[in-house]
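All remarks here apply to the structure that follows.
The numbers here are math on the coordinates, done by the rules we state, and not lab data. Treat the numbers as computed from the prediction; the structure is a model and nothing was measured. All Cβ positions, even for glycine, are placed from backbone atoms using ideal geometry, and neighbour counts span all protein chains on display.
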Amino acid sequence: MRLLTTERGGKLTVALAGELDHHGAREAARKLEESLEAAMPRECVLDLGGLKFMDSSGIAIILRLYKRLQAIGGRLTVVNVPDQPMRVLDASGIDRMIRIEAEQNQ
Amino acid sequence: MKEQNCVKMEFPSRSVNEGYARAAVGAFAAQLDMTLTELNDVKTAVSEAVTNAIVHGYPEGPGTVTLRLRILEGDTLEVQVKDKGRGIEDVDKAREPLFTTGGEDRSGMGFTIMESFMDSVKVRSKPGSGTAVTMRKRVARRNHAR
């Protein structure tokens, strides 16, 4: 599980790569918390384009990120979701709460 | 349903083995003519069941998780994930979407995903004795030259 963050003008972009399961999620959650605390962004873009696999552990990560952002008045957009993680997002119904976009608009 | 092939493996309830379980089911299911989507659905369901065994079956330390894979007649894959851990007090409650005892780290969507991605999901559990989740998926027939 790899996580790369970039920040520009109040917008935090977090790119996840690898396999996001329960094993990988713990470290990803810790790094995400650190990035959020440091950046306190108005907008966060979660880029899932590098994911090879995701299960419901990824849903927990996204919901956690969403709640943290809500608490600081920030907004979350999930982008570049590959097919397998998209089926998991669809099954969870999370798309009713969280904005999911096909491609990141710079 | 008549069994055509079967493998059984045991591994300790360490989270690093979640990826192993997915890879194992992927290799075994290759005997069936699955699409990539079907194969990914099975791997996702297995990941959920194995994670449940690790997180909820053995919350206080390592135990043994058993993964049994069977190919049944009629192009059906059966996956059983079994632990001898804590067990589930109320299986119906545990299967409800968003229900979790795992706190913020868990979404409570594990059983919902298993049910969405597999044709059937059966859960047998006894508090103090463990849990067995048995799932089946029939491969859709496709017309192509063999």
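Determine the dipole magnitude for the stretch A:2-101: charges of +1 sit on the beta-carbon of Lys and Arg, -1 on that of Asp and Glu, nothing else is charged, the reference point is the Cα centre, and the result goes in debye to the nearest 20. Write out the running numbers ahead of the final one.
Numbers: 15 positive and 14 negative charges, 59 e Å.
Using Cβ point charges on Lys, Arg, Asp and Glu, the stretch A:2-101 gives about 280 debye.
Are any of the pairs A:Lys52/B:Lys93; B:Lys8/B:Lys43; B:Lys8/B:Lys122; A:Lys31/B:Lys122; B:Lys8/B:Lys126 more than 26 Å apart by Cα-Cα distance, and if so, which?
Working: A:Lys52/B:Lys93 31 Å; B:Lys8/B:Lys43 16 Å; B:Lys8/B:Lys122 18 Å; A:Lys31/B:Lys122 36 Å; B:Lys8/B:Lys126 22 Å.
The answer is A:Lys52/B:Lys93; A:Lys31/B:Lys122.
For chain B, what does -39500 (n - 2.57) per DSSP helix run (n ≥ 4), summed and divided by total residues, give at 222 nm, in deg cm²/dmol to the nearest 500? Walk me through the numbers before you get to the answer.
On the way: 4 runs with 42 residues, N = 146.
Calculated mean residue ellipticity at 222 nm is -8500 deg cm²/dmol.
Would you work out the charge dipole size for the protein assembly as shown about its Cα centre, treating the Cβ of every Lys and Arg as +1 and the Cβ of every Asp and Glu as -1, and quote it to the nearest 20 debye?
Working: 37 positive and 35 negative charges, 69 e Å.
About 320 debye.
Just for the protein assembly as shown, what percent of DSSP beta bridges are antiparallel, to the closest 5?
Values: 39 of 56 bridges.
Around 70 percent of the beta bridges assigned by DSSP in the protein assembly as shown are antiparallel ones.
Out of every Cα pair in chain A, what percent are spaced more than 21 Å from each other?
On the way: 1386 of 5565 pairs.
Everything past 21 Å amounts to 25 percent.
Please determine, in degrees from 0 to 90 and to the nearest 10, the orientation of helix A:22-39 with respect to the longest principal axis defined by the Cα atoms of chain A, where the helix direction is its Cα long axis.
Roughly 20 degrees, rounded to the nearest 10.
If you place +1 on the Cβ of every Lys and Arg and -1 on the Cβ of every Asp and Glu, how big does the dipole about the Cα centre of chain B come out, in debye to the nearest 20? Walk me through the numbers on the way to the answer.
Working: 22 positive and 20 negative charges, 104 e Å.
Computed about the Cα centre, the dipole is about 500 debye.
What percentage of all Cα-Cα pairs in the stretch B:21-146 are separated by more than 26 Å?
Working: 1689 of 7875 pairs.
In whole percent, the share of Cα-Cα pairs in the stretch B:21-146 beyond 26 Å is 21.
As I understand it, the value is the acute angle between the Cα axis of helix B:36-52 and the longest principal axis of the Cα atoms of chain B; what does it come to in degrees, rounded to 10?
On a 0 to 90 degree scale, this one is about 20.
Determine which aspartates and glutamates satisfy two conditions relative to B:Lys82: a Cα distance under 13 Å, and not lying fewer than 8 residues away in the same chain.
Leaving aside aspartates and glutamates fewer than 8 places away in the same chain, those within reach of B:Lys82 are B:Glu10, B:Glu48.
Within 10 Å of each Cβ of A:45-56, how many other protein chain Cβ atoms are there on average?
Details: counts 0, 0, 0, 0, 0, 0, 0, 0, 7, 2, 14, 15.
Counting Cβ atoms of other protein chains within 10 Å of each residue's Cβ and averaging gives 3.
Please compute, over every Cα-Cα pair in the protein assembly as shown, the percentage with a separation greater than 35 angstrom. Mind dumping the intermediate values first?
Values: 5525 of 31626 pairs.
More than 35 Å apart: 17 percent of the Cα pairs in the protein assembly as shown.
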